[in-house]
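So the structure is just underneath, and the comments pick up after that.
Just so it is clear, none of the values below were taken in a lab; they were calculated from the coordinates. Given the structure is predicted, the values throughout are model-derived calculations rather than measurements. Cβ placement follows ideal geometry from the backbone for every residue including glycine, while neighbour counts extend to all protein chains displayed.
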Amino acid sequence: MTTAEPTLEAGADQPRPWSRHAGVVIPPFLVFVAAIGLWELIVEVFEIQRFLLPRPSEIASMFVDDFGRLIRQGRNTLGVAGRGLLLGGGIGIALAAITFRTRWMAEGIGVYAAVLKAVPVISLAPLTVVWFGIEAGSKIATVSIATAPILFTYTLVGLRSADANAQELMRSYAAGHFRTFWSLHLPYALPFLFSGMKIAVTIAMIVAIISEYFGGSFENLGGYIRNEANNVHTVEVWTAIVMACLLGISQYMIVAGVDRYVLRWHPSKRGN
Amino acid sequence: MTTPNTSSETVSADAQTAIAFQGIRKEFGNGANSTLAIESVDLDIKEREFVSLIGPSGCGKSTLLRLAADLIEPSGGSVLVNGKTPRQARLDRDYGFIFQSPTLFDWRTVRKNIALPLEIMKIGGMTRADRDEEIERLLEMVGLDGFESHHPYQLSGGMQQRVSLARALVFRPSILLMDEPFGALDEITRDRMNLELHRIWEETNTTILFVTHSIPEAVLLSGRVVVMTARPGRVQEIIPIDLPYPRTTEVEESTHYYELVTQVRESLGQAMAGGP
């Protein structure tokens, strides 16, 4: 669960007009269709057993049949991921906001943030079960532990990126700390915050599902996957995986969309 | 506040002192690695005066400006701004500071950039309508009417610096501290900005302390040009500029203008050679 360090080029992905989007969207789509087709063909030709690798068409049709339940389970998993992200992200952002002016404090916390990003946080999941019980509480805690250091690091780098002259300008206006934070540091931090969020939403979803593997309710994607896998219901497992992928992708796209809207003034977003 | 200066005599001998530097010494770093940037600088700038600081790079002219702005503190000597400590003057919002880079907030429109100091200072008795009117007046003064809804990145460098100027003037500080404000602009834009700055100085009652690398710019704009020596910075010579007001293109073409430019250049040459 390592994450790339944020850099000053955070959020450097350029928006493109639709005509140029086509060139980016169509080839991957063709690859996707070809891969699914090949998968279907391989299962057919080599007569692979259903429990080992079901056909994509079979997964698709069960996905449609079970859509209502999958959405319900997905919502529960999303709830855990979301609440964990809210808590962990909140703690990470708040710590960065409190300490960014005090070098020794920020560095002191930064070391542990780096450690937490380097260790496989998911190995803590059984421990959080001991601390917070088998249900949602422990899973939210694990997601928080996984996401807090990401948002701490990105927010810290962002807050510190504020232009030196602009900081002096605020000083010349005798602006208070809170005012300077709100009017200057926060806008500078936003591109980094969004870069961090794009990583954190994905991590939150992964950690939530894996936490659910360790026990608790079956009424969520992780629990469902655990249960169906135990019964070698491979097609059902696949439908939950597809749902998890769809939720992960849509979360990422929502964050990216908000990012693009909020930061339309930013050099990386405004094009020409 | 619109009485124009008709001659240099407007700055009378008994005018109040806006900025007083006394025995200023400034050292950066400490111990063996310290650099003496400025040594024993005495300089008085009168109210409504336009004074330029010129000197070789690293002579501490920007440092003087930053001392007056309370962005840094002197290692020795004292600075008084409007008779107060620089810190008190800063808290009282006595001065506006203009950097070489426009230092605009990209996420704010031109109008909201100019409004920034007013938002922060919450000037008593100023309604939203007053504020809008004030911004309107400044947009016109710096020649930016029609651009209030633009974002900084949609403007040229010269226009961005106009926004920066308007933002510094919007809260009507009595002093403008300008750190090579036009240094990054091309020659043509710079000439135009100089004349406009001079017009604005005449329209408003501000005192301007102006740091520049450009001899013609210093002569054209100033009532006095302060030539500084190479590091550690000292005052080499203070040259009064007795050119007629208003300073226009005609003034720039006069013989006396060229004589003064030559005088400043020679003084600067001596300063770089290591004192008189």
Exercise. Would you work out if region A:58-262 is rounded, prolate or oblate? Take a ≥ b ≥ c from the square roots of the eigenvalues of the alpha-carbon gyration tensor; rounded if a/c is under 1.5, else prolate when a/b is larger than b/c, oblate otherwise.
Key: prolate
Quiz item: Build a GNM of chain B with springs between Cα atoms under 10 Å: which of B:Ser214, B:Ser78, B:Ser254 gets the top mean-square fluctuation?
Solution: B:Ser254
Quiz item: Relative to the Cα centre, what is the charge dipole magnitude of region B:101-172, using +1 at the beta carbon of each Lys and Arg, -1 at the beta carbon of each Asp and Glu, and rounding to the nearest 20 debye?
Solution: 240
Quiz item: Counting only the backbone N, which residues of region A:179-200 are under 15 Å from the spot 7 Å out from the Cα of A:Met105 toward its beta-carbon?
Solution: A:181
Self-check item: Calculated FRET efficiency for the pair B:Gln270/B:Leu91, C-beta based, R₀ 30 Å, to 0.05
Solution: 0.15
Exercise. Tell me which residues come under 5 Å, amide H to amide H, from B:Ala18 once H is placed; ignore anything under 5 positions away on its chain.
Key: B:Ile45, B:Lys46, B:Glu47
Quiz item: Residue by residue through region A:86-103, which ³J(HN,Hα) values in whole Hz follow from phi under the Karplus form 6.51 cos²θ - 1.76 cosθ + 1.60 (θ = phi - 60°), with glycine and proline marked x?
Solution: 4, 5, x, x, x, 5, x, 5, 4, 4, 5, 5, 6, 9, 5, 7, 10, 3
Quiz item: From the phi of every residue in region A:107-113, what ³J(HN,Hα) in whole Hz does the Karplus formula 6.51 cos²θ - 1.76 cosθ + 1.60 yield, where θ is phi - 60° and glycine or proline is x?
Solution: 5, x, 6, x, 4, 6, 4
Quiz prompt | Cα convex hull of region B:101-172 - mean projected area over all directions, nm² | solution = 4.4
Exercise. Return the whole-Å distance between the Cα centroid of region A:126-145 and the Cα centroid of region A:208-263.
Key: 18
Practice problem: For A:Ile134 and A:Arg171, calculate 0.36 nm times their separation in residues minus their Cα-Cα distance, and state this gained length in nm to one decimal. | Solution: 8.2 nm
Quiz item: In nm, to one decimal, how far is the A:Phe29 label point from the A:Trp182 one, both placed 7 Å along Cα→Cβ?
Solution: 4.6
Exercise. Working from Cα positions, state the angle (0 to 90°, nearest 10) between the long axis of helix A:136-160 and the longest principal axis of chain A.
Key: 40
Practice problem: Could you please rank A:Met253, B:Met193, placing first whichever residue has the fewest other Cβ atoms within 10 Å of its Cβ? | Solution: A:Met253, B:Met193
Self-check item: For q = 0.11, 0.23 Å⁻¹, Debye-computed log10 I/I(0) when each Cα of region B:200-272 counts as one equal scatterer
Solution: -0.28, -1.07
Self-check item: Choice from A:Leu151, A:Leu247, A:Leu184 with maximal GNM fluctuation in chain A (Cα, 10 Å cutoff)
Solution: A:Leu184
Self-check item: Hypothetical label at B:Phe28: residues of region B:34-56 whose amide nitrogen lies under 18 Å (7 Å Cα-Cβ projection)
Solution: B:34-41, B:54-56
Quiz item: What is the dipole size for the protein assembly as shown, taken about its Cα centre, with +1 at each Lys and Arg Cβ and -1 at each Asp and Glu Cβ, in debye to the nearest 20?
Solution: 1460
Quiz item: When the Karplus curve 6.51 cos²θ - 1.76 cosθ + 1.60 is applied with θ = phi - 60°, which whole-Hz ³J(HN,Hα) does each residue of region B:105-112 get, with x for Gly and Pro?
Solution: 8, 4, 7, 10, 6, 3, 4, 6
Exercise. Please give the calculated 222 nm ellipticity per residue for the protein assembly as shown, where each DSSP H segment of at least 4 residues contributes -39500 (n - 2.57) and the sum is spread over every residue; nearest 500 deg cm²/dmol?
Key: -18000 deg cm²/dmol
Practice problem: Putting +1 on Lys and Arg Cβ atoms and -1 on Asp and Glu Cβ atoms, find which of B:Leu64, B:Thr35, B:Pro216 reaches farthest to the positive end of the dipole of chain B. | Solution: B:Thr35
Quiz prompt | Using alpha carbons only: equivalent-ellipsoid semi-axes of the protein assembly as shown, gyration tensor based, whole Å | solution = 64, 25, 20
Exercise. Once you've got the Cα coordinates, tell me which of B:Lys46/B:Lys122; B:Lys26/B:Lys84; A:Lys139/A:Lys198; B:Lys26/B:Lys112; A:Lys198/A:Lys269 are over 27 Å apart.
Key: B:Lys46/B:Lys122; B:Lys26/B:Lys112
Exercise. Report, in whole Å, the centroid distance computed from the Cα atoms of region B:114-141 and region B:25-70.
Key: 32
Quiz item: How many nm is it between the label spots at B:Met121 and A:Ser57, if each spot is 7 Å from the Cα in line with the beta carbon?
Solution: 7.6
Exercise. Work from the charge dipole of the protein assembly as shown (Cβ charges, +1 for Lys and Arg, -1 for Asp and Glu, about the Cα centre) and give the residue of A:Ile199, B:Asn82, B:Gly96 farthest towards its positive end.
Key: A:Ile199
Quiz prompt | Zero-based 10 Å bins, Cα pair distances in chain B, whole percents | solution = 7, 29, 36, 22, 6, 0
Quiz item: If you place +1 on the Cβ of every Lys and Arg and -1 on the Cβ of every Asp and Glu, how big does the dipole about the Cα centre of region A:58-262 come out, in debye to the nearest 20?
Solution: 760
Exercise. Please list, in chain and number order, the residues 5+ apart from B:Thr207 or on another chain whose amide H is under 5 Å from its amide H, with Hs placed from the backbone.
Key: B:Arg48, B:Ile175, B:Leu176
